[in-house]
Structure formats: structure tokens, C-alpha cells
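Asks: Structure in C-alpha cells, see below.
The values are calculated or read from the model by the stated rules, or taken from the named source; none is laboratory data. Source: prediction; values computed, not measured. We place every Cβ from the backbone using ideal geometry, glycine too, and count neighbours over all the protein chains shown. Heads up: the accessible areas ignore ligands, DNA and RNA and are worked out on the full protein's heavy atoms, side chains in. Shrake-Rupley method; radii C 1.70, N 1.55, O 1.52, S 1.80 Å.
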Amino acid sequence: MSDPAVLDVAVVGAGPAGLTAALLLAELGVSTALVAPPTRPDDVRTTALLGGSVAFLKRLGVWDDIAAAGAPLATMRLVDDTRRLIRAPEATFHAREIGLDCFGVNIVNTDLTGILEARLAAHADLARVEATVETATPSADRVDLVTADGRHLAARLVVAADGRRSRLRDAAGIDTTTWAHPQSALVVNLTHTRPHHDVSTEFHTATGPCVLVPLPGGHRSSVVLIETPDEAERLRTLDDAALSRDLERRAHSLLGAMAVEPGRQVWPLSSLIARDFGRARIALVGETAHTFPPIGAQGLTLSLRDIACLAEQLVEARRRGDDIGGPATLAAYERARRLDVETRARGVDLANRALLSDALPVQALRSLGFLLAARIGPLRRLVMREGLTPSLTAPRLMRGLDLLPGPTRGGG
């Protein structure tokens, strides 16, 4: 076959992270292809888009559609339901305390990807290749990709957003640090008779959180229930009526009678952190770079910070006339992301371990932390702001600022 034209960037993966990465880079004038099979039509999971994600998605021109399809999250409520000797006081966080109407929105993944796909389809400068990448071969000045249906592409930089079992990460020779958790997450959406009033409620139990997150309409919520693997699987096999009653019991009838909707999924919990975020002209974003349990609604928000930071580094490299896929650019991306990723992933892991621990000193420390956050206003507001957008590591797009001076055509 003839040698393919060399693009600036190929993004591999069509989940929310891959779609947003491809769209942002195309908006910046970078010649971009998105390479991945069509997105899954049956993903009942939801995503909370918080803090700096709002500014990021406004920059892409998709926030209004996302806000219309999602439910606002105006209040976060944490309830200790462990029934242990030492229990943490309830903590409630209101967005209005930090001058916001809401912390963000919660949206069903299929709705989110549909909005991003529609925006991509309307972008004249972005190529969409609906195929799985079979092989990736890095070389001195490019990465050659071959798809399962035999198509060949080449790019100066590949953005790997192909998930925790990434072929691209393997092609770059990047190892990971991984560890399993003794839990699985049951994910289901449901209706309820009492309105949620845009309040997300998280019940902390001895086996993990049970989170009820608002969905549009006032009487629908998504549920993420973290349990032992055996219990999560048992719940998955219940009929609709029995599962509805069980979830209503766990929620203490807070939202009235419940009725689960079709579609339920169980996901074993594990954590992963890549030991490098970029090597051999391949940059890792999203779950290819880091995964951790769905605690604290940090997953996609952290992934969007990856993408915003990578775009910032690419714009700066082009401004200087540097190679956008070269070692210096990838090293700068690594330096900019390592602290944020490590602190978030390790912090979620520590919070999960503290919740599971029966040790009285751990219970006491956890309760003290909740008490301080609940009673001390300045600390509570600091926790809210830093939880949404970290002040030390947030890229410019996540802080509502434009990127560095616009891309130039030299050095691509």
C-alpha cells in the first residue's frame, strides 16, 4: 500500500475522553483523526461533570446541550450509614456557598457520547475512522496504525484513550501500577415517588458507598452501589421488584418508593496508574492513564484535565516550533499531570480503605474529618473548591482561561 499521509494527531478511543480530546484538538487547528469503533449504545452508567469541566465543555461548544440533557447537582450530602461504634456526622455541601448555582450536572453516558459524536460529525476538519486499532508501531518521527479492517494511518502523536486494557499503552512499552479492591459496583437507574431536589446523597456503609445521583425530571436517579462482589452479583440477578425494594431499604426511603429501569451492570473495582503518561509518541489520557473506584465523582473530570493539559502542551510546543510528539513535549505533559493524578487516585483509595476499616482509630480520624468539614465554614468551602478544580494543578481551560498563544504551523 502507498505510504499514508501523516496527521498531526490520531486519537484512539471513542469514550467521552477520546471524543473530547479529538474535538478539542480539531478546534485548535490540529489535523486530527478519531479512530475507534462506534460508541456503545447500552451504557447505563452516568457521569458527573463538575467544576472546571464546565468551562472546558463550554470551550468546546457542547455545554448547553449537556446541561439540557443532564440534571444539576446543587447539593452533595454525605451520610454515615456504617452503624459502627464511631460514626461520622452528616456533611452537606451546597454549591451556593461558593457562589455557584450547581457543582455541575449528572448525565447518562449514552446521552453524553451522543452529544459529543454529533458535534464531531459537524466538524469539517476531523476524520472519523470507525475501526479498532490492531497494531501501533512507533518510530522516530511518527506512529503507524493499522486497523482491524486493514486501513493504515500515521500520526506524529497518538492520544491513547482506549481504556484500561490499552493496546496503545502496551505499544509504547508503558507499565502500570495496579491493585484490586474487594468490591464491585452495581450500576442501575431508577424512578422514585419523591423528588430529589437536585441533591446527590451518598450513604457510606461498611462495604462501600451507595450513591443516589439526580437525573433529569426530578423523579429519576442513578444509583452506584459498591458492595462485596458476591452481594453485587446477587443483587444483579434479582427481579425488578425485589431489587427496587432492596435499594429503597438502603436509601431509607429517602426518595420514596423506587422502581428500577431496564439495564443493570456490575463492575469489579480496581485501580491503575500508568508509570509514564507519554512515551514513544503516545500520550495517555483518561482510563488508559488512571482508573480508580467511582468515589467522589472524580473519574471523567480528572480525564478532562488530562486532555486540557495535553492540549496546552501541544499548543506551547507548536508555538516554540518543537515536535508535538517528541520527548520534550511528552515529558512536559508528564510533569504537569503526575501530581494531580497521583493525589486523586491515592486519595480515593485512602478514603475507600478508611471506610472499610473496622479499626477504632481509623473510624475516629474519619469522623473528625467529617466533623471539621461540616462545622468549619472556610474549611468546607476550601474542600468544595479544591474538590471541583485543584488550584495548583488545573490547566488553563479548566480555570476558564484560554490556552497559551494560538497554534502556529511551524514545528508540527
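Asks: Please give the length that would be gained between residue 339 and residue 270 if that part of the chain were fully extended, namely 0.36 nm times their separation in residues minus their C-alpha to C-alpha distance (nm, one decimal). Working shown, then result.
Replies: Details: separation 69, 0.36 × 69 = 24.84 nm, distance 2.01 nm.
Length difference between fully extended and current span is 22.8 nm.
Asks: Here is a further query. Find the eigenvalues of the gyration tensor of the Cα atoms of segment 113-251, then list the square roots of 5 times those eigenvalues as equivalent ellipsoid semi-axes, largest first, in whole angstrom.
Replies: For segment 113-251, the semi-axes come out at 41, 22, 13 Å.
Asks: Convert each backbone phi in segment 363-378 into a coupling constant with the Karplus relation 6.51 cos²θ - 1.76 cosθ + 1.60 (shift: θ = phi - 60°), then list the ³J(HN,Hα) values in order as whole Hz, x for Gly and Pro.
Replies: Karplus values, whole Hz, x for Gly and Pro: 4, 5, 5, 4, 5, 5, x, 4, 4, 5, 5, 6, 9, 9, x, x.
Asks: What are the residues whose amide H is under 5 Å from the amide H of residue 131, where those residues sit 5 or more places off or on another chain and H is modelled from the backbone?
Replies: The answer is 36.
Asks: To continue, here is another question. Select from 362, 6, 183 the residue farthest towards the positive end of the dipole of the chain; place +1 on Cβ of Lys and Arg, -1 on Cβ of Asp and Glu, and compute about the Cα centre.
Replies: Going by the charge dipole, the pick is 362.
Asks: Over segment 298-405, give the accessible area per residue in Å² for a 1.4 Å probe, as an integer.
Replies: Working: 4830 Å² over 108 residues.
With all protein chains present, segment 298-405 gives 45 Å² per residue.
Asks: Please state the charge dipole magnitude for segment 239-333, taken about the Cα centre, from unit charges on C-beta atoms (+1 on K and R, -1 on D and E), reported in debye and rounded to the nearest 20.
Replies: Computed about the Cα centre, the dipole is about 260 debye.
Asks: Could you give the length gained by full extension between residue 245 and residue 231, i.e. 0.36 nm per residue of separation minus their alpha carbon distance, to one decimal place?
Replies: Values: separation 14, 0.36 × 14 = 5.04 nm, distance 1.52 nm.
Contour length minus Cα-Cα distance gives 3.5 nm.
Asks: How large a share of the accessible area of the chain, in percent, is made up of carbon and sulfur atoms when the probe is 1.4 Å and the other protein chains stay in place?
Replies: Whole-percent figure for carbon plus sulfur exposure: 55.
Asks: Another question, then. Rolling a 1.4 angstrom probe over the protein heavy atoms, how many square angstrom per residue are accessible across segment 1-80?
Replies: Working: 2650 Å² over 80 residues.
Using a 1.4 Å probe on heavy atoms only, each residue of segment 1-80 averages 33 Å².
Asks: Using the basic label-point model (7 angstrom from Cα toward the beta carbon), what is the residue 402 to residue 165 distance in nanometres?
Replies: Placing both labels 7 Å along Cα→Cβ, they lie 4.4 nm apart.
Asks: Sticking with this one: Full-extension gain between residue 6 and residue 320, please, as 0.36 nm times their residue separation minus the C-alpha to C-alpha distance. It would help to have the intermediate numbers written out before the result.
Replies: Details: separation 314, 0.36 × 314 = 113.04 nm, distance 2.06 nm.
The residue 6-residue 320 span can extend by a further 111.0 nm.
Asks: According to a simple spin-label model (label point 7 Å from Cα along Cα-to-Cβ), what is the distance in nm between residue 386 and residue 146?
Replies: 5.0 nm
Asks: Hey, what's segment 126-219 come to in accessible area per residue, 1.4 Å probe, Å²? Don't jump to the answer; show the numbers that get you there.
Replies: Numbers: 3770 Å² over 94 residues.
With all protein chains present, segment 126-219 gives 40 Å² per residue.
Asks: When the dipole is taken about the Cα centre of segment 88-197, and only Lys, Arg (+1) and Asp, Glu (-1) are charged at their Cβ, what size is it in debye, to the nearest 20? Provide the component values of the computation, followed by the final result.
Replies: Values: 11 positive and 14 negative charges, 13 e Å.
Dipole magnitude for segment 88-197 comes out near 60 debye.
Asks: Suppose every Lys and Arg Cβ carries +1 and every Asp and Glu Cβ carries -1, with no other charges. What dipole size does the chain come out with about its Cα centre, to the nearest 20 debye?
Replies: 1080 debye
Asks: In square angstrom, rounded to the nearest 10, how much accessible surface does residue 102 have for a 1.4 Å probe?
Replies: So the heavy atoms of residue 102 present about 40 Å² to solvent.
Asks: Continuing with this model, one more query. Taking R0 as 25 Å, what FRET efficiency do you get between residue 125 and residue 64 from their Cβ-Cβ distance, rounded to the nearest 0.05?
Replies: 0.70
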